[in-house]
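Q: One structure, pasted below without further comment.
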Amino acid sequence: MNFGDLADTARSLVVAGKGILAADESAPTIEKRFKAIDLPSTEEHRRAYRELLFTTPGVSEFISGVILYDETIRQRAGDGTPFTEVLERQGIVPGIKVDEGTKALIGFPGEKITEGLDGLRVRLPEYRNLGARFAKWRAVIEIGPGIPSRYCIRANAHALARYAALCQDAGLVPIVEPEVLMDGAHSIGRCEEVTTEVLLLVYAELTSHRVALEGTLLKPNMVVSGKGCPDQADVTQVAEATLRTLSRVVPPAVPGIVFLSGGQTPRQATEHLSAMNAMGKHPWELSFSYGRALQDPVLKAWKGKASNVPAAKEAFYLRARLNGAARHGTYSPGMEVSA
């Protein structure tokens with residue numbers, strides 16, 4: 001394990017003006033996405049869709065890395081080129097989702113634990129041989145009456161740290177993703193309280209597991225109002241609360257923070273990121289690791305039809321370009337034009 005190489009990879013993923021495409025939807029998740037455009041979720045449709053994304057001309061100007069799913073990292077483009085090689089040729093770093101999803105946390109109604117540690121030590125070297133240079137593990141924390149419990153937060157933080165240590169041992173940069181969900185009617189203040197507690201415990205566990213923070217990235221939620229909250233925080237409030245939270249708990253040794261979009265609209269996710277980057281310099285790079293916020297316009301343009309591929313690629317390039325501008329804090333709503 002070379003910590004210098006890990007740190008170099010981590011920094012390359014948050015280079016100025018670029019961010020990460022999360023194309024790691026599990027089979028059930030992408031089935032839901034395809035259902036919204038009346039498209040059966042066959043392996044060929046999934047492969048064709050990912051090829052559309054990965055071969056969009058010029059997108060490497062704004063995309064530094066792509067998180068893949070187990071099926072996707074083994075697939076090839078139409079000309080037979082492995083997807084990992086398609087990305088590498090453009091200077092885009094391939095990554096891999098390694099968790100196996102969330103399950104009910106027994107004894108704690110309404111709370112979840114992420115599974116996938118069993119066998120992970122064996123799977124990671126295989127993914128690295130397939131071309132992955134970083135990995136991702138998502139923990140889910142829900143806010144509601146009486147939750148989250150401290151046990152749930154600690155259990156998920158411990159799993160994240162074990163995953164991160166195993167990744168670094170295998171030569172992969174771990175993206176640590178503790179997501180406090182937007183679901184619920186909680187205020188932005190409650191989101192800030194929970195996010196602070198979650199991140200404090202995550203970094204305590206990472207330190208206990210001797211994870212080299214210089215070779216990691218954090219993928220957190222932004223501090224926002226719950227979807228059902230009658231008082232929705234505005235862009236400035238979200239940016240200020242998020243930065244305040246991160247500045248209190250995220251060590252400056254972490255090279256970058258790659259936000260998840262977490263149910264925000266594509267425009268909201270871009271606006272919030274841009275606002276944070278416009279608020280001056282920070283100890284870490286503030287970037288993105290978006291799934292739906294990059295892909296929703298693409299799916300709506302594509303609809304599973306080959307004739308729509310050019311329009312879908314234009315939609316993806318536009319969304320990537322706008323988030324590239326947000327990395328510099330220069331995005332404005334006026335840049336939202338039809339692809």
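The values are calculated or read from the model by the stated rules, or taken from the named source; none is laboratory data. Here the structure is a predicted model, which is why all the values come from computation and not from measurement. Cβ sites come from the backbone with ideal geometry, for glycine too, and all protein chains shown count toward neighbours. Note: areas computed on protein heavy atoms with side chains; ligands, DNA, RNA excluded. Shrake-Rupley method; radii C 1.70, N 1.55, O 1.52, S 1.80 Å.
Q: Work out the FRET efficiency for Ala16 and Gln232 from their Cβ-Cβ distance, taking R0 = 30 Å, and round it to the nearest 0.05. Could you put the intermediate results ahead of the total?
A: Numbers: r = 31 Å, r/R0 = 1.03.
Using R0 = 30 Å, I get an efficiency of 0.45.
Q: Taking N as the number of residues in region 109-265, what is its Cα Rg relative to 2.2 N^0.38 Å?
A: Here the Cα radius of gyration is 1.05 times the empirical estimate.
Q: Mind putting a number on the dipole of region 1-133 about its Cα centre? Charges go on the C-beta only, +1 for Lys and Arg and -1 for Asp and Glu, and I need it in Debye to the nearest 20.
A: So the dipole magnitude of region 1-133 works out to roughly 140 debye.
Q: If you count, for each residue, the other Cβ atoms within 10 Å and average over each peptide, how do 15-23, 224-232, 241-249 line up from highest to lowest?
A: 15-23, 241-249, 224-232
Q: May I pose another question? Pop the C-beta distance of Ala27 and Leu130 into the FRET formula with R0 = 25 Å and round what comes out to the nearest 0.05. Mind dumping the intermediate values first?
A: On the way: r = 18 Å, r/R0 = 0.73.
Efficiency, rounded to the nearest 0.05: 0.85.
Q: In addition: Once neighbouring chains are kept in place and the probe is 1.4 Å, which whole percent of the accessible area of region 205-276 is contributed by carbon and sulfur? Intermediate results must be reported in sequence, preceding the final value.
A: Values: 1230 of 2640 Å².
Carbon and sulfur together cover 47 percent of it.
Q: Additional query: Once every DSSP H run of n ≥ 4 in the chain is given -39500 (n - 2.57) and the sum is divided by its residues, what mean residue ellipticity at 222 nm do you get, rounded to the nearest 500 deg cm²/dmol?
A: Roughly -14000 deg cm²/dmol at 222 nm, from the helical runs in the chain.
Q: On average, how much accessible surface per residue is there in region 83-126, in Å², for a 1.4 Å probe, leaving out ligands, DNA and RNA?
A: On the way: 2270 Å² over 44 residues.
Here the residues of region 83-126 average 52 Å² of exposed surface.
Q: Hey, another quick one. For the peptides 271-278, 67-74, 33-40, what is the packing order when you average, over each peptide's residues, the other Cβ atoms within 10 Å and list the highest mean first?
A: Working: 271-278: 22.5, 67-74: 20.6, 33-40: 13.8.
Order by mean packing, descending: 271-278, 67-74, 33-40.
Q: Right, next: How much net charge surrounds Arg11 when only the other residues with a Cβ under 13 Å from the Cβ of Arg11 are counted, with Lys and Arg +1 and Asp and Glu -1?
A: Details: positive: Lys18, Arg133; negative: Asp5, Asp8, Glu214, Glu285.
Result for the local shell: -2.
Q: Leaving ligands, DNA and RNA out of it, rank Met222, Met182 by accessible area with a 1.4 Å probe, largest first.
A: On the way: Met222 5, Met182 30 Å².
Sorted descending by solvent-accessible area, the residues read Met182, Met222.
Q: Each residue of region 254-267 in turn: what ³J(HN,Hα) in whole Hz from Karplus with 6.51, -1.76, 1.60 and θ = phi - 60°, glycine and Pro shown as x?
A: Once rounded to whole Hz, the list reads 5, x, x, 10, 10, 5, 8, 8, x, x, 6, 6, x, 5.
Q: Need one number: nm distance between label points at Leu200 and His282, each 7 Å from Cα along Cα→Cβ, rounded to one decimal.
A: Placing both labels 7 Å along Cα→Cβ, they lie 2.0 nm apart.
Q: As I understand it, the dipole of the chain uses +1 on the Cβ of Lys and Arg and -1 on the Cβ of Asp and Glu, about the Cα centre. Which of Phe316, Gly215, Thr102 lies farthest toward its positive end?
A: Among Phe316, Gly215, Thr102, the one farthest towards the positive end of the dipole of the chain is Phe316.
Q: So what are the ³J(HN,Hα) numbers for region 33-49, from phi and the Karplus equation (6.51, -1.76, 1.60; θ = phi - 60°), rounded to whole Hz, Gly and Pro as x?
A: For region 33-49, the Karplus-derived couplings read 4, 5, 4, 5, 10, 6, 10, x, 8, 8, 4, 5, 5, 5, 5, 4, 5 Hz, x marking Gly and Pro.
Q: Quick one: how many lysine pairs in the chain have C-alpha atoms under 14 angstrom apart, if they're 8 or more apart or on different chains?
A: Pairs that pass both the separation and distance tests number 11.
Q: Stretched out fully, how many nm does the piece from Glu193 to Glu44 gain, at 0.36 nm a residue minus the Cα gap?
A: Gain on extension, Glu193 to Glu44, equals 49.2 nm.
Q: Is there a quick way to get the dipole size of the chain? I mean about its Cα centre, with the Cβ of Lys and Arg at +1 and of Asp and Glu at -1; what is the value in debye to the nearest 20?
A: Roughly 260 debye, rounded to the nearest 20.
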